[in-house]
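Written below as structure tokens is the structure these notes are about.
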Amino acid sequence: MRPCGSWMGDRINSRFIVFEGVDGAGKSTQVSLAAEALRGRGREVLVTREPGGTRLGEAVRRLLLDVKNAEMTGETEALLYAAARAQCVREVIAPALRRGTVVLCDRFADSTLAYQGYGRGLDLELLRRINDLATGGLYPALTVVLDLPVDEARLRLADGRRDRLEREAADFHERVRAGYLALAAAAPDTYLVLEADLPVPVLAERILERIEALLD
């Protein structure tokens, strides 16, 4: 269950949309297309990502994704992601939402549940409490999950350019994928699950339609 905090009045903000999915599902492409389309319709849009979005967050991102850090534990991952998330919420996301800006985020709190929870096997309730601290009670009104079979997703990633998490075994990514689908099934009103192997323009149209309905 999501928290009942009120970091800025409403814990679920209708202008806050998150994109999730396994690595290689095409999130970044759809974030960019959605932002372009919304700006074309006269909306102010901010695009950010996790981990990252701030100077500190980008430094944490380098630590998390560097293939040289193979010894990093799941607990360390979870706490580093939460630290980057906390900084991004307070420095970037919250101020933008207060201005009335639409915020599109490439990954957010569900990534911790999917990757460190379902993927690494860490306690989900503990991770939810960590997420609550990091987000200050803020959660998106819509999470777009781009679902793609793991074997197809891995084909989209160039072997020589895979980061530390992308290099994990296929069974890890299968658990992550299952985690996303479980999260979406538990709260269908706030998720849009789409098959990521659909043509890019078809996905973009369906995502934009749902976002516009939410914003209107």
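The values are calculated or read from the model by the stated rules, or taken from the named source; none is laboratory data. Everything numeric here is computed off the predicted structure, so don't read it as measured data. Cβ sites come from the backbone with ideal geometry, for glycine too, and all protein chains shown count toward neighbours. Heads up: the accessible areas ignore ligands, DNA and RNA and are worked out on the full protein's heavy atoms, side chains in. Shrake-Rupley method; radii C 1.70, N 1.55, O 1.52, S 1.80 Å.
Table for the structure above
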read-out	value
Residue in the stretch 188-199 that is touching a residue at least 60 places away in the same chain (Cβ under 8 Å) and crowded, with 18+ Cβ neighbours inside 10 Å present	yes
Candidates Arg210, Arg206, Arg161 - the one that is touching a residue at least 12 places away in the same chain (Cβ under 8 Å), over 29 Å from Glu91 (Cα atoms) and open to solvent by 50 Å² or more (accessible area, probe 1.4 Å)	Arg206
Residue list for the stretch 124-146, restricted to those being among the acidic types (Asp, Glu) and either in contact (Cβ under 8 Å) with a residue 12 or more places away in the chain or surrounded by 23 or more Cβ atoms within 10 Å (Cβ to Cβ) (or both)	Asp132
Residue in the stretch 99-109 that is over 15 Å from the mean Cα position of the chain (by Cα) and surrounded by 18 or more Cβ atoms within 10 Å (Cβ to Cβ) present	yes
Candidates Asp132, Asp147, Asp123 - the one that is touching a Pro at 6+ places or on another chain (Cβ under 6 Å), at pLDDT 95 or above and of a type outside the set (A, V, I, L, M, F, W, C)	Asp132
Complete set of residues in the stretch 65-79 that are crowded, with 20+ Cβ neighbours inside 10 Å and not small (Gly, Ala, Ser)	Glu77
